[in-house]
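The values are calculated or read from the model by the stated rules, or taken from the named source; none is laboratory data. The structure displayed is predicted, hence computed values, not measured ones. Ideal geometry is used to build each Cβ from the backbone, glycine not excepted, and the neighbour counts take in all protein chains shown.
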Amino acid sequence: MHRWLAPAAGFAVLVLALAALEWAASVGWVSPFLTPPPSEIAAAGWRMAAEEPLASAFFSTLGVVLAATVAAAVMGIPAGWAMYRFPLLGNAYENWVAALFSAPLILLYPLFLVLFGRGPLTIGMIGFLSGVIPVILKTYEGFTAVPVVLVNVARSFNLPESALLRKVLLPAALPTVFTGLRLCFIYTTINVVGLEYLVDVGGLGFMVGLMYDRYDIPAMYAAVTFVLLISMLGFSAAERLERRWGRGA
Amino acid sequence: MAFGKRLQHAVAALAVAALALPGAAMALDKVKVAGSQRNFWDTTTFYFADQATGVFKKKGIELEVLWTKGGSDCQQTVVTGSMDFCMHTGMLGAIGAWAKGAPIAIVSATSTGAGDIWWYVKADSPIHSIKDTNGKSVAFSRPGSSTNLLLNAIVAASGTSTKKVSTGGPSGTLTQLMSGQIDVGWSAGIFAADLLQQGKIRRIASGNDAPGVQTQTIRVNIAGTGFLKEKLDVAKRFMAAYREAVDWAYSGDKALEMYAKANKSTVEIARSVRDKMYPRDSMRTKPIGNIELSIQQAIADKRLPGPLKPERIREMLHYVDVLNP
């Protein structure tokens with residue numbers, strides 16, 4: 001099978017869906033006040049790029065999401081490994097961390113505003129907290145799912161701990177760790193954009209809120225489209241990293 | 001014969017009684033209303049009145065109320081046709097949506113002037129007016145909001161280089177002021193009025209300090225054009241009941257008691273807030289005041305692409321006179 005066939009099929013469905021929406025709007029099946037035709041959304045995107053600080057909003061959100069994701073990975077992967085390496089920690093904290101996963105941390109934003117002030121730091125901290133939990137849990141799950149026989153064989157060759165981690169545990173756990181990183185990226189993006197919308201400190205969430213308040217519905221959808229673009233960039237990057245590190249391991 | 005005659009008389013008497021009590025026999029027309037910001041004085045009086053006196057039922061209307069956060073949230077429920085009226089939404093938002101062709105109509109003024117929006121400092125602050133805010137941070141709710149526009153106008157009039165900061169709602173703003181993150185906070189109506197009375201905070205400015213705002217209608221009621229075309233008579237009765245509700249709210253203490261209870265405050269504070277921030281005339285339903293200023297602000301805030309011609313303005317405000325004779 002050609003390697004471009006799957007992305008082409010995905011793109012074709014997207015184009016068909018947009019064409020169907022354009023047609024439904026043109027014949028009045030869909031109210032433009034609810035969902036404007038894609039052509040209007042595209043035009044609004046250009047207009048916003050010219051008249052509004054769209055590029056800085058995009059890079060502000062992207063920067064905060066990336067920083068929070070990287071911080072979550074740097075803190076979360078060692079924490080997940082520690083919970084595996086020291087079973088007492090794993091037994092003690094797995095349920096606590098899992099319980100935090102379902103907690104609506106974004107509701108704590110007034111407290112974070114007081115602690116960190118009105119700025120990207122507050123947004124980043126909420127993004128980090130919501131993103132680090134899946135990284136810890138999935139890393140822990142990945143390590144515990146490594147077949148015992150692999151570990152035993154490695155130990156029978158007197159492999160030191162560091163080499164065991166690098167050559168056996170990490171490569172075997174990598175797919176699950178990356179699942180955690182993808183979840184981290186999703187949760188971080190949702191929380192960062194949601195908080196930007198709530199507290200108006202800039203970014204794409206702020207732009208969505210501003211356009212909604214102005215009743216510029218096509219521009220609001222255009223801003224949402226840029227949020228989707230961040231999401232696509234993140235997933236694409238995670239896929240490439242996983243492939244590269246998977247080959248290297 | 002006697003029994004038959006008596007039966008005829010009884011039926012006739014019942015028919016006369018039914019005709020004499022049309023209200024009791026009439027089915028109520030259900031009207032779906034989106035409210036803005038529950039428990040503010042101006043936004044909730046119609047609801048208090050209906051709860052206390054059944055003023056809408058007396059006009060043959062059964063209210064179905066959905067409370068929203070106001071602004072676009074309220075407006076959108078009417079645009080989509082899920083609600084018939086949106087009460088007390090921002091004037092600029094209504095102008096912007098109408099000009100973009102949204103199926104809504106402005107049906108009355110609800111708040112003229114902005115005496116209910118106020119700015120305050122901690123009691124020991126050296127700031128005594130907006131003129132003292134050079135280089136200081138002053139709060140507004142969110143970009144494009146009425147507090148944002150009012151603050152812009154007040155600062156421009158005072159000629160200071162004030163740092164304007166978006167702080168969200170009144171409660172979050174109070175927290176940020178008390179924790180020293182901002183120098184001047186904003187509030188609306190009764191919120192933090194108890195702290196004002198206790199001397200913990202000091203009021204330094206009001207929305208009415210902005211030039212021209214005292215006579216400007218800043219909030220309006222809107223309705224769906226589909227609803228108005230199909231049920232104009234119901235809409236007329238609704239607005240008649242609304243005007244009676246406002247009259248009732250200023251005629252005795254019952255509305256103040258409900259307002260105080262809803263805000264966990266006292267009737268004295270509620271009365272002070274009502275009389276100082278919401279004078280009776282500020283809640284008149286017509287005319288729409290200083291529309292020229294609203295249009296200028298809507299253009300500046302990119303809600304309107306350009307000025308509206310006089311005939312377009314008349315068209316926009318057509319239903320205000322129709323529903324408020």
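Quick look at the numbers
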quantity: Number of positions in segment A:147-177 that are among the charged types (D, E, K, R) and on the phi > 0 side of the Ramachandran plot; calculated: 0
quantity: Residue match in segment A:114-132 (condition: within 23 Å of the chain's Cα centre (by Cα), surrounded by fewer than 17 Cβ atoms within 10 Å (Cβ to Cβ) and closer than 24 Å to A:LEU233 by Cβ); calculated: yes
quantity: B:GLY159 being surrounded by fewer than 24 Cβ atoms within 10 Å (Cβ to Cβ), under 16 Å from B:ASP42 (Cβ atoms), of a type outside the set (Val, Ile, Thr) and away from every other protein chain (no Cβ under 13 Å); calculated: no
quantity: Test: residue in segment B:52-68 that is closer than 22 Å to B:TYR319 by Cβ, assigned to a helix (DSSP H, G or I) and either more than 13 Å from every other protein chain (Cβ to nearest Cβ) or modelled with pLDDT under 90 (or both); calculated: yes
quantity: Residue list for segment B:162-205, filter: more than 10 Å from every other protein chain (Cβ to nearest Cβ), in contact with a Leu (Cβ under 9 Å, 6 or more places away or on another chain) and part of a helix (DSSP H, G or I); calculated: B:LEU174, B:LEU195
quantity: Unmet criterion (only one of (1) assigned to a helix (DSSP H, G or I); (2) within 30 Å of B:ALA223 (Cα to Cα)) for B:SER251; calculated: (1)
quantity: Subset of segment B:70-88 [within 11 Å of chain A (Cβ to nearest Cβ) and either in contact with a Lys or Arg (Cβ under 6 Å, 6 or more places away or on another chain) or acidic (Asp, Glu) (or both)]; calculated: B:ASP73
quantity: Any hit, segment B:72-83, residues being modelled with pLDDT of 90 or more, surrounded by 24 or more Cβ atoms within 10 Å (Cβ to Cβ) and outside the structural domain of B:TYR278 (by TED's automatic domain parsing); calculated: no
quantity: Condition met for B:ALA235 (surrounded by 17 or more Cβ atoms within 10 Å (Cβ to Cβ) and more than 19 Å from B:VAL78 (Cα to Cα)); calculated: no
quantity: Filtered residue count, segment A:50-69, keeping only those that are more than 15 Å from A:ALA237 (Cβ to Cβ) and of a type in the set (A, V, I, L, M, F, W, C); calculated: 7
quantity: In segment A:140-164, the residues that are under 20 Å from A:VAL74 (Cβ atoms) and surrounded by fewer than 16 Cβ atoms within 10 Å (Cβ to Cβ); calculated: A:SER162
quantity: Number of positions in segment A:117-149 that are within 14 Å of chain B (Cβ to nearest Cβ) and free of Cβ contacts under 8 Å to residues at least 12 places away in the same chain; calculated: 2
quantity: Subset of segment B:89-134 that is of a type in the set (S, T, N, Q) and in a loop (DSSP other than H, G, I, E, B) - its residue that is farthest from the other protein chains (Cβ to nearest Cβ); calculated: B:SER129
quantity: Residue within segment A:183-195 that is within 14 Å of chain B (Cβ to nearest Cβ) and either surrounded by 24 or more Cβ atoms within 10 Å (Cβ to Cβ) or closer than 27 Å to B:THR89 by Cβ (or both) present; calculated: yes
quantity: Residue in segment A:206-221 that is β-branched (Val, Ile, Thr), within 14 Å of chain B (Cβ to nearest Cβ) and in contact with a strand residue (DSSP E or B) (Cβ under 8 Å, 6 or more places away or on another chain) present; calculated: no
quantity: Verdict on B:ALA210 being in contact with a Pro (Cβ under 6 Å, 6 or more places away or on another chain), at pLDDT below 95 and either under 19 Å from B:ALA139 (Cα atoms) or within 14 Å of chain A (Cβ to nearest Cβ) (or both); calculated: no
quantity: Test: A:ALA172 is assigned to a helix (DSSP H, G or I), within 14 Å of chain B (Cβ to nearest Cβ) and among the small types (Gly, Ala, Ser); calculated: no
quantity: Some residue of segment A:86-104 being surrounded by 14 or more Cβ atoms within 10 Å (Cβ to Cβ), in contact (Cβ under 8 Å) with a residue 60 or more places away in the chain and either among the aliphatic types (A, V, I, L, M) or within 24 Å of A:THR61 (Cα to Cα) (or both); calculated: no
quantity: Selection within segment B:120-148 - in contact (Cβ under 8 Å) with a residue 60 or more places away in the chain, touching a Lys or Arg at 6+ places or on another chain (Cβ under 7 Å) and closer than 29 Å to B:LEU304 by Cα; calculated: B:GLY144
quantity: Residue in segment A:20-36 that is surrounded by the fewest Cβ atoms within 10 Å (Cβ to Cβ), counting only those that are away from chain B (no Cβ under 14 Å) and assigned to a loop (DSSP other than H, G, I, E, B); calculated: A:VAL27
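For every residue, the table says whether it meets (1) assigned to a helix (DSSP H, G or I); (2) under 26 Å from B:SER72 (Cβ atoms); (3) touching a residue at least 24 places away in the same chain (Cβ under 8 Å); (4) acidic (Asp, Glu).
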{"site": "B:ALA223", "(1), (2), (3), (4)": "no, yes, yes, no"}
{"site": "B:LYS229", "(1), (2), (3), (4)": "yes, yes, no, no"}
{"site": "B:LEU256", "(1), (2), (3), (4)": "yes, no, no, no"}
{"site": "B:SER265", "(1), (2), (3), (4)": "no, no, yes, no"}
{"site": "B:LEU304", "(1), (2), (3), (4)": "no, yes, yes, no"}
{"site": "B:GLU311", "(1), (2), (3), (4)": "yes, no, no, yes"}
{"site": "B:VAL320", "(1), (2), (3), (4)": "yes, yes, yes, no"}
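Each row is one residue, and each column tells you yes or no for (1) small (Gly, Ala, Ser); (2) free of Cβ contacts under 8 Å to residues at least 40 places away in the same chain; (3) under 24 Å from A:GLY124 (Cα atoms).
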residue: A:LEU170; (1), (2), (3): no, no, no
residue: A:ILE186; (1), (2), (3): no, no, yes
residue: A:ILE190; (1), (2), (3): no, no, yes
residue: A:GLY203; (1), (2), (3): yes, no, yes
residue: A:ALA223; (1), (2), (3): yes, no, yes
residue: A:PHE226; (1), (2), (3): no, no, yes
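Results for (1) surrounded by fewer than 24 Cβ atoms within 10 Å (Cβ to Cβ); (2) assigned by TED's automatic domain parsing to the domain that holds B:LEU293; (3) among the β-branched types (Val, Ile, Thr), shown as yes or no for each residue.
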site	(1), (2), (3)
B:ARG38	yes, yes, no
B:PHE48	yes, yes, no
B:GLN51	yes, yes, no
B:PHE85	no, yes, no
B:VAL107	no, yes, yes
